[in-house]
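The values are calculated or read from the model by the stated rules, or taken from the named source; none is laboratory data. Everything quoted here is computed from the prediction, not taken from an experiment. Heads up, the Cβs are rebuilt from the backbone with ideal geometry, glycines too, and the neighbour counts pull from every protein chain shown. Accessible surface is based on the protein model in full, side chains and every heavy atom, while ligands, DNA and RNA are left aside. Shrake-Rupley method; radii C 1.70, N 1.55, O 1.52, S 1.80 Å.
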Amino acid sequence: MTFDESPVGEPAEYVAPPTLVPSVLDRKILEHFPGLVVRKDLTNGLKQNAVVPTYVLEYLLGQHCATDDPAAIAAGLESVQRILARHYVHRNQAELVKSTIKEKGRHKVIDKLTVELNDKGGFYEAEFTNLGLKKVPVSDDFVRRYPKLLVGGIWCITDVMYELSEDPKASPWQIDTLKPIQVANANIDEFLAARAQFTTDEWMDVLMQSIGFNPEMFGRRAKLLTLVRLIPYCERNFNLIELGPKGTGKSHIFAEFSPHGMLISGSEVSAPKLFVSNSSGKIGLVGYWDCICFDEFAGKDKKVDKALVDIMKNYMANRTFSRGIEQLSAEASMVFMGNTQKSVAYMLKHSHFFDALPDKYIDSAFLDRLHNFNPGWEVAPIRHELFTTGYGFVVDYIAEVLKHLRTEDFTGAYKAHFEVASEVSTRDQTGFEKTFSGLMKILYPDGKATPAEIEELLSFAMEGRRRVREHILRIDDTFKRNEFAYRAVGGGAKVTVVTPEELQYPTFASPPSRPAEGVNESAPSAISAALVSSDPFTAVVSDLTVPSETPQAILASPTAALAPQPVHIVVPENSLGWSYRRLFEPYLRGATQITIRDPYVRHFHQVRNVMEFLQLAFELVPDGDEIAVHLVTQADAETREKQLDLFDQLERAFEGTRVAFTWELDASSGFHARSVTTNTGWKISLDRGLDIWQRFESGTFSTQQAIPELRMMRATEVTVLRL
């Protein structure tokens, strides 16, 4: 379908896109997926002036800008902007567009169409969302070819005609041609062959860029938490819940990413709209969409029909619903997104993670149907620097690939390497196996993953289902506690999966509940077993699993000990509650000389970290005493001048205080290890140096800047040795 060039209104002033040098990953994407990727910052720029889903914009960008040639991108972007200016219908220009159609006799528009059956007339009528036209006759053929027109509507390029009829009751508006905005069917064999050219890390980054995020701003766990949101598109009947603070982009993927998903604003939806109308026999949303997301699902003031909850329980468990005496089935996945008002620690101490939901949904039978609880509080709030300027898939292309993968089944792919080593309920096993299957399809669609890669996904999937189970126990004491554990086939140590929040807040973690069958009630729980060790030297906080016994010392913080002891600390990615004081205070007290060795103190935020360390040292030195802190680092060729200026500023800032700060550059090629050494006999080895936090939003009133414990951690290991 081509567009004419006659204007409707004045197009926005053309702004040429910035010229960017593609990264190594970008060039690899362009090489193996030619014509199927776009530069994602172009999409963000276009969205400023067109309130349309991302897949609509990228459909146009994919036709005009699927290249890394700057001249071609500039020309293509200008064409897309021209098309949007002339054919996308802004609501405030609807009358102008209608006038254009009348004067010309016909005109193509980009708008969302919804179709209904006129019962009395026996024909279909369309409504244009932005253009405002209603009761426009539409061919039965279009409805048969595109049934989603009947349920929620779809974005289309439509050739609209205007012709007065002799029948005054007939609509002068006519639809000549109609084309949904979607790419042709994806070639799965070519997709799998191209996927094989990327490592797992590269492929994760490709997917993150395709969603629109800069992968450099996310750790591995954060990437997995983001990619979990794609599972409902590739796994049939997958039930996902994500609750967390506002502004983390929970609903973005379900509103923008795929033409096969439907976002319902608010939790107020009727059973006929969702499932089936018994009066008309019309099938609801679950019959037409792959994924239905309930946005703003939390809130005590939401009106909820108890009958709807009961129908949803049956559908989420059995994939069936009733129309009279007839049993119907569907494959739509259910996603529930909502905001929490309380901190994780507060919910653990006083209630449960489902507390923000409407009361009628706080039903253990309903909640037990959820396959995965994605912890939204671990997802960073959306900020400008999180968005990518790199290349990613045209989202409609990857949406078609994910739709095809719904026919695959990887639920048992782990069984060749691992076996469940604990008693779990059928729903627990179904939950983590469907999550595992979805992640396999997303990351290893050809099924080729190493045992270590399979173990990572299995552990992560078990964690998501454990979170559901643990908080049902707080609601319904008739449920039994199940341990989530696995071991390698043929033997090996049992690995118990525990959620990060249980490790971070062990005092609040275990709700009272009857033990699982065969479990000694006096025996330690999975958490306590994971936190107690007779070895005073080792302290480990595991991210997703607890492969062996680990001591409580670290979780209470080393500062809780009467005397500092050697310790090994593993801090999970995305953890909260950590600071230099918690990590270092016992080992810095009494020192008069401290040496920091870190070759990578080069950027502003890294020098600011040194500032915070010096602040801690200042607070630990008694009045009348002094401490000398010496930094040994390396220069960065590109930012050397700025780097040295920052060091000079920091040195001057502490002149005349009880902290004497000095620094030097070590140019030796073998300088890699990072550590803090005191003259009291402690050496603290740091795998990340002082750069332990993920990037956070700074500003005058930023709580994360003022309170380190509110910052998300990078995965970090700290080993303290006595010299």
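Quick notes on this one:
- Summarising the amide proton neighbourhood of Arg323: residues at separation of 5 or more, or on other chains, whose placed amide H is nearer than 5 Å comprise Leu328.
- Cβ-defined net charge surrounding Arg369, 15 Å radius [Lys, Arg +1; Asp, Glu -1]: +2
- Rg over Rh for the stretch 408-504 works out to 0.98, both radii taken from alpha-carbon positions and Rh defined as the Kirkwood radius.
- Using the Cβ of Glu235 as centre and a radius below 15 Å, the other residues enclosed give a net charge of +4, where K and R count +1 and D and E count -1.
- For the stretch 601-667, alpha-carbon Rg and Dmax in angstrom: 12.4, 41
- Radius, Kirkwood style, for the stretch 71-164 when every pair of distinct Cα atoms is counted (Å): 14.4
- Structural descriptor for the chain: relative contact order 10 percent, calculated from alpha carbon pairs under 8 angstrom and at least 6 residues apart.
- Label point distance in nm, Asn44-Met217, each placed 7 Å from Cα along Cα→Cβ: 0.6
- Computed over protein heavy atoms with a 1.4 Å probe, the carbon and sulfur contribution to the accessible area of the stretch 351-478 reaches 48%.
- Once the mean of 1/r is taken over each pair of separate Cα atoms and inverted, the chain shows a Kirkwood hydrodynamic radius of 28.6 Å.
- Centroid-to-centroid, using Cα positions, the stretch 258-314 and the stretch 608-638 are 57 Å apart.
- Neighbour net charge for Val601 - beta-carbon separation under 14 angstrom, K R +1, D E -1: -2
- Principal semi-axes of the equivalent ellipsoid, √(5λ) from the alpha carbon gyration tensor of the stretch 289-355, are 30, 13, 11 Å from largest down.
- FRET E, pair Asp201, Thr639, Förster distance 22 Å, beta-carbon r, rounded to 0.05: 0.25
- Ellipsoid fit via the Cα gyration tensor, the stretch 292-444: semi-axes of 26, 25, 20 Å, each the root of five times an eigenvalue, largest first.
- Here the label points at Ala345 and Asp141, each 7 Å from Cα along the C-beta direction, are separated by 6.7 nm in the simple model.
- Proximal aspartates and glutamates to Lys302, defined as alpha-carbon separation beneath 13 angstrom and excluding residues fewer than eight positions away on the same chain: Glu268, Asp359
- Note that the chain presents 43 Å² accessible area per residue, ligands and nucleic acids not counted, probe 1.4 Å.
- Membrane-span-like helices in the chain, defined purely by DSSP H runs whose alpha carbon atoms cover 27 Å or more axially and whose average Kyte-Doolittle hydropathy reaches -1.0, are 451-473.
- Rg over Rh [alpha-carbon atoms, Kirkwood Rh] for the stretch 148-291: 1.07
- Across the stretch 597-723, Cα-Cα pairs more than 17 Å apart make up 63 percent of the total.
- Ligands, DNA and RNA left out, the accessible area of the stretch 89-173 computed with a 1.4 Å probe is 48% carbon and sulfur.
- Cβ-Cβ distance of Phe508 and Lys104, R₀ of 56 Å, FRET efficiency by 1/(1 + (r/R0)^6): the value works out to about 0.25.
- Expressed as a whole percent, the accessible area of the stretch 651-701 that falls on carbon and sulfur atoms is 47 (1.4 Å probe).
- With each label modelled as a point 7 angstrom along the Cα→C-beta vector, the Ser270-Ala416 pair spans 5.1 nm.
- Using a cut-off of 24 Å between Cα atoms, the listed pairs Lys306/Lys434; Lys102/Lys134; Lys273/Lys360 include Lys306/Lys434 as exceeding that distance.
- Fraction of the pair-distance distribution of the stretch 59-118 above 18 Å, Cα-Cα pairs, percent: 50
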